[in-house]
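The values are calculated or read from the model by the stated rules, or taken from the named source; none is laboratory data. Because the structure is a prediction, the values reported are computed rather than measured. Neighbour counts are summed over all protein chains in view; Cβ atoms, including those assigned to glycine, are modelled from backbone coordinates with ideal geometry. What goes into the accessible areas is simple: the full protein's heavy atoms, side chains included, and nothing from ligands, DNA or RNA. Shrake-Rupley method; radii C 1.70, N 1.55, O 1.52, S 1.80 Å.
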Amino acid sequence: MALLEILQFPHPVLRQRADEVREIDATIHRLARDMAETMHRAPGIGLAAPQVGVSSRLIVVDLSAGEEPDQLLVLVNPEIVCKEGKIRMEEGCLSVPDLRETVTRCERVVVRGQDLQGNMVEVEGDELMAVALQHEIDHLDGMLFIDHLSQLKRSRYVARQKKVAAEQRG
Ligand code: NI
């Protein structure tokens, strides 16, 4: 097992559409394990492969943040097939430092994908689970939660991060 580096906004890989996983091989198994460990250590409740620099359609979600081993969900090629309702919840992202903002998303989703054995699986989630699934699947399409904020809030954040980066360069 290994801890992976989590890429930070504005890294370009975070903005790419990730590729479909064609073969769930040993590399994907190892990546899923390392992503779960990296997410737990951060700590976070979700992580998508592009966040660790791998542009593949793979996500891990664990609402227990590592407290309950059977809560870990690994989804390959996940797709949202059904959405219902609206919910507003505060979000943050391991790739978007120093920002938490309220985002409006669907309250209930059904996600279809594959597990690590290649079986088709369907996951239903509401509230926090629905939000986490939508947030992680967004990452696979190069979207970040700041894309759901107003233009003003987003540009304020981008300006602030540019200033921080300039200060770090001295
Ligand atoms: Ni995120």
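Sorting the Cα pairs of the range 12-169 by distance into bins of 5 Å, from 0 upward, gives 2, 9, 18, 21, 22, 15, 8, 4, 2, 0 percent per bin. With Cα atoms defining each centre, the range 68-85 and the range 5-34 are spaced 16 Å apart in the structure. Working note: 222 nm ellipticity from helices only, DSSP H runs with n ≥ 4, each -39,500 (n - 2.57), summed and divided by the residues of the chain, gives -9500 deg cm²/dmol to the nearest 500.
Among the GluC sites (Glu not before Pro) within the range 34-138, those in coil by DSSP and having at most 15 neighbouring Cβ atoms inside 10 Å are E67. Of the accessible area of the chain, computed with a 1.4 Å probe over protein heavy atoms only, carbon and sulfur atoms account for 47 percent.
Structural descriptor for the chain: relative contact order 22 percent, calculated from alpha carbon pairs under 8 angstrom and at least 6 residues apart.
Geometric descriptor of the range 92-164, per residue, is 101 Å³ (volume of the convex hull of the Cα atoms). The count of lysine pairs in the chain whose Cα atoms are under 29 Å apart, excluding pairs fewer than 8 places apart on the same chain, comes to 4.
Exposure here means at most 16 other Cβ atoms within 10 Å; with trypsin sites (Lys or Arg not before Pro) in a DSSP loop as sites, the longest stretch of the chain lacking them is 87-170. Sequence-ordered 3J(HN,Hα) estimates for the range 24-37 from the Karplus curve with 6.51, -1.76 and 1.60 and θ = phi - 60° stand at 8, 9, 4, 5, 5, 4, 5, 4, 4, 5, 5, 5, 4, 5 Hz, glycine and proline given as x.
Converting phi to 3J(HN,Hα) with the Karplus coefficients 6.51, -1.76 and 1.60 and the offset θ = phi - 60°, the range 160-170 yields 5, 5, 5, 5, 4, 5, 5, 5, 5, 6, x Hz in sequence order, with x at every glycine or proline.
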